[in-house]
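Every number here is computed from the coordinates shown, using simple stated rules; none is lab data. Everything numeric in this text was worked out from a predicted model, so none of it was measured. Note: ideal-geometry Cβ built from the backbone for every residue, glycine included; neighbour counts use all protein chains shown.
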């Protein structure tokens, strides 16, 4: 039987052929001699993202590449990637390397007591570089909405850096339904309903040119999706679905 890796890293990628080699090289350098399981999900790219990821894997270290035939959305890509993991811990990170990988060790350390670690640009100790005033204001507004509507005590649900206990990640994403950017608050709502402990970790984050995020349009769409999530994700139904997958009120799941 193959030993379970201590860490799996999921990287959703849409048209990231240019930036992916640098990101994978940074992951390789961050784990010298003990490469984690790395899963890159090409979400219907048209620029050869999957081929680039495979080329890096052949030249440097193992990378598992999963391909969506069409662009389904970031939430769908992360869900596919998490389903392919086997690690004791799962880290979800963006392909643009916006979050400094110095946050990896603190995130994994927090998993000793927490089930979900949420990278945050909005708590003391975090730093944000290169973003615009408009994006900051929209982010603050959306996160206030998340705390109020979704009843989440989280100050930044949308940072693309989150760590989970492996069994928790695989359960939460198997329950998730949202394919777009609102998958983040959906997964955190599911975690709240199931009683998992969530903590925020301050990160160093730098805006990267070429993002596929459209601040106004995507924020409005994510806000609408957030309301739908709260309406649809009734605690009794979520707990019943989770129970069929091995969850119990004590938080014990099957890996």
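Can you give the FRET efficiency to the nearest 0.05 for residue 100 and residue 224, using r as the Cβ-Cβ distance and R₀ = 22 Å?
Numbers: r = 32 Å, r/R0 = 1.44.
Computed FRET efficiency for residue 100 and residue 224 comes out at 0.10.
With a Cα-only, solvent-free Debye model of the stretch 87-223, what are the log10 I(q)/I(0) values at q = 0.12, 0.17 Å⁻¹?
At q = 0.12, 0.17 Å⁻¹ the computed log10 ratios are -0.44, -0.93.
Over the stretch 7-244, what is the relative contact order in percent, taking alpha-carbon pairs closer than 8 angstrom and at least six residues apart? Could you put the intermediate results ahead of the total?
Numbers: 437 pairs, mean separation 54.7, N = 238.
After rounding, I find 23 percent.
Quantify how much of the Cα-Cα distance distribution of the stretch 4-97 extends past 15 Å, in percent. Walk me through the numbers on the way to the answer.
On the way: 2329 of 4371 pairs.
Cα-Cα pairs of the stretch 4-97 separated by over 15 Å account for 53 percent.
Starting from the Cα gyration tensor of the chain, take the square roots of the eigenvalues, sort them a ≥ b ≥ c, and report rounded, prolate or oblate (rounded when a/c is under 1.5, otherwise prolate if a/b is larger than b/c, else oblate).
rounded
So what's the gap between the Cα centers of the stretch 75-89 and the stretch 1-69, to the nearest angstrom?
The distance from the Cα centre of the stretch 75-89 to that of the stretch 1-69 comes to 13 Å.
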